[in-house]
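Q: Provided herewith is a single structure, encoded as structure tokens, for subsequent inquiry.
The values are calculated or read from the model by the stated rules, or taken from the named source; none is laboratory data. Just so it is clear, the structure is predicted and the values come from calculations on it, not from any experiment. A quick note on method: Cβ atoms are made from the backbone with ideal geometry, for glycine too, and the neighbour counts reach across all protein chains shown. When the accessible area is computed, the model is the full protein with side chains, heavy atoms only, and any ligands, DNA or RNA have been set aside. Shrake-Rupley method; radii C 1.70, N 1.55, O 1.52, S 1.80 Å.
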Amino acid sequence: MEKKKLRIGVLGAYRGTSMISYCDASDNAEVVAICDKWPEALERQKANYSDRNIAFYDNFDDFIKHDMDAVWLANYAHEHAPFAIKALKAGKHVASEVLPVQTPAEAVELVETIEATGLTYAYAENYVYMPGAYEMKKRFREGQIGEMEYAECEYVHNCESIWPSIAYGDKTHWRNRMYCTFYCTHSLGPIIFTTGLRPVKVTGFEGKMGERSARMGKLAPAYGMEIVELENGAHVKSLHGGLYKHNTWYSLYGSKGRLETARASANTGSYTRLYAEYDPFEGDYKNPKREDVVPVIDNEASKVFGHGGSDFYSAWNFVEKINGNPAADTIDIYMALDMCMCGMFAYRSILAGGIPVEVPNFRDKAVREKYRNDRKSVFAEVGSPDHIPSNNQGVTSYPDAVYEVQKKLFEEDLKSTTGYSNMAFNQSKKTATKKIEV
């Protein structure tokens with residue numbers, strides 16, 4: 001099949017910079033349209049790409065009419081599904097950043113839209129493509145550690161220092177309203193992607209509300225945790241949230257050994273290092289064996305992209321999937337929901353007193369009927385029958401002064417040329433000078 005240079009539209013001029021940068025530097029895709037409701041973001045990207053033939057839109061309904069092959073969704077994390085559905089119905093392939101849906105009802109509609117259109121949908125959970133995590137997948141799928149028995153995973157990211165720049169001092173922002181197990185796929189995603197096993201039950205745990213959340217104006221506690229039972233009877237402990245300090249870590253136990261990425265505190269590159277240990281009493285291993293692996297980076301150009309280069313591979317795999325490349329390794333809607341629903345139903349477990357609950361399988365049409373009208377969400381209108389609280393400890397609000405401080409800090413950061421708010425826009429300029437060969 002002849003490779004086509006895909007025409008990509010990006011919703012989200014700030015976080016969408018990862019795809020914008022990829023397209024600008026690659027030979028298999030190009031950005032033709034960018035959409036955002038934030039005028040400042042559109043103006044920044046117009047300045048970055050004044051020499052490109054890119055159309056800019058401030059509303060999605062006009063944007064989706066643009067002549068393009070695919071849409072990259074990098075808008076707010078709780079709003080991906082409605083835009084994905086609109087894009088698919090308009091005949092566009094879709095890549096969605098985290099999270100795919102915010103309610104079971106959205107999951108049903110999105111699955112059925114993808115099935116009806118036959119178009120490509122890829123979940124852009126970038127952490128699965130980090131070098132250490134992806135090497136873990138390759139070795140597990142080769143059978144090096146046998147059958148999965150247990151795993152632990154962590155995505156710990158204390159965002160207090162950058163909170164003004166990512167929540168804008170807006171009390172209604174999704175980051176301020178999300179529940180503690182909402183943002184679960186950075187931790188749990190690589191384990192499900194590696195093993196291919198479906199979650200069947202989950203039990204949720206919520207950290208206590210504390211001063212950090214109060215300073216930030218966040219209605220969820222610092223962390224959430226899921227204990228997930230997989231279809232083969234194995235279990236996964238998934239921890240994520242704003243604890244001190246930062247750590248991304250995955251450890252997978254099999255019947256013949258263990259695969260484990262480095263911890264951040266090891267100062268050896270938690271994104272890029274994997275340890276492999278093999279059991280001498282199982283399989284072909286006659287003696288205990290331990291490997292310290294630094295995975296080979298397939299494409300040197302990925303090193304200039306964020307999140308350990310994984311932003312590059314999220315984009316590359318999506319584009320190559322559409323082009324029919326059998327090597328393209330994307331996350332389909334069913335696996336995306338396996339990852340996402342663990343966090344969603346872990347929170348329902350928390351609200352029910354910490355009991356194990358079933359994780360729905362949206363491959364099953366009978367299961368879909370059960371959840372077709374389930375719209376319960378922390379993002380539903382407060383006071384409506386569908387609204388649920390953002391924590392299980394009775395904290396419902398903070399003084400407006402908290403958000404006024406956050407908003408002032410955001411405005412100051414935005415004015416600074418070295419502020420966090422400018423990082424993504426500066427990344428565009430950085431990658432535009434580097435040509436990627438794919």
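Q: In segment 109-139, how many are under 30 Å from Ala276 (Cβ atoms) and assigned to a strand (DSSP E or B)?
A: Of all residues in segment 109-139, those under 30 Å from Ala276 (Cβ atoms) come to 122-139.
Narrowing the set further to residues that are assigned to a strand (DSSP E or B) leaves 122-123.
Total meeting the criteria: 2.
Q: Can you pull out every residue in segment 99-158 that is without any contact (Cβ under 8 Å) to a residue 60 or more places away in the chain and closer than 30 Å to Tyr244 by Cβ?
A: Of everything in segment 99-158, just one residue is without any contact (Cβ under 8 Å) to a residue 60 or more places away in the chain and closer than 30 Å to Tyr244 by Cβ, namely Lys137.
Q: For residues that are under 21 Å from Gly196 (Cβ atoms), open to solvent by less than 40 Å² (accessible area, probe 1.4 Å) and either of a type outside the set (Gly, Ala, Ser) or in a strand (DSSP E or B) (or both), tally how many sit in segment 231-247.
A: Counting residues in segment 231-247 that are under 21 Å from Gly196 (Cβ atoms), open to solvent by less than 40 Å² (accessible area, probe 1.4 Å) and either of a type outside the set (Gly, Ala, Ser) or in a strand (DSSP E or B) (or both) gives 2.
Conditions tested, residue by residue: (1) over 24 Å from the mean Cα position of the chain (by Cα); (2) crowded, with 24+ Cβ neighbours inside 10 Å; (3) over 21 Å from Ala315 (Cα atoms); (4) polar (S, T, N, Q).
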residue: Gly12; (1), (2), (3), (4): no, yes, no, no
residue: Tyr22; (1), (2), (3), (4): no, yes, no, no
residue: Lys37; (1), (2), (3), (4): no, no, yes, no
residue: Glu40; (1), (2), (3), (4): yes, no, yes, no
residue: Gln45; (1), (2), (3), (4): no, yes, no, yes
residue: Asp51; (1), (2), (3), (4): yes, no, yes, no
residue: Asp61; (1), (2), (3), (4): yes, no, yes, no
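Q: What residue, among those in segment 181-216 that are among the hydrophobic types (A, V, I, L, M, F, W, C), out of contact with any Gly (no Cβ under 9 Å at 6 or more places or on another chain) and assigned to a helix (DSSP H, G or I), is most open to solvent (accessible area, probe 1.4 Å)?
A: Ala214
Q: Please specify each residue of segment 346-368 satisfying the condition of being touching a residue at least 24 places away in the same chain (Cβ under 8 Å) and open to solvent by 10 Å² or more (accessible area, probe 1.4 Å). Reasoning before the result, please.
A: Filtering segment 346-368 down to residues touching a residue at least 24 places away in the same chain (Cβ under 8 Å) leaves 346-351, 354-363, 368.
Across segment 346-368, the qualifying residues are Arg348, Ile350, Leu351, Gly354, Ile355, Pro356, Val357, Glu358, Asn361, Arg363.
Q: Specify which of the listed residues (Phe83, Phe56) is over 24 Å from Asn176 (Cβ atoms), aromatic (Phe, Trp, Tyr), open to solvent by 30 Å² or more (accessible area, probe 1.4 Å) and not in a loop (DSSP other than H, G, I, E, B). Break it down into steps so the answer makes sense when it comes.
A: On the way: Phe83 fails: over 24 Å from Asn176 (Cβ atoms).
Being over 24 Å from Asn176 (Cβ atoms), aromatic (Phe, Trp, Tyr), open to solvent by 30 Å² or more (accessible area, probe 1.4 Å) and not in a loop (DSSP other than H, G, I, E, B) holds for just one of Phe83, Phe56, which is Phe56.
Q: Any residue in segment 162-179 that is part of a strand (DSSP E or B), open to solvent by less than 40 Å² (accessible area, probe 1.4 Å) and among the aliphatic types (A, V, I, L, M)?
A: Keep residues of segment 162-179 that are part of a strand (DSSP E or B), which gives none.
Within segment 162-179, not a single residue is part of a strand (DSSP E or B), open to solvent by less than 40 Å² (accessible area, probe 1.4 Å) and among the aliphatic types (A, V, I, L, M).
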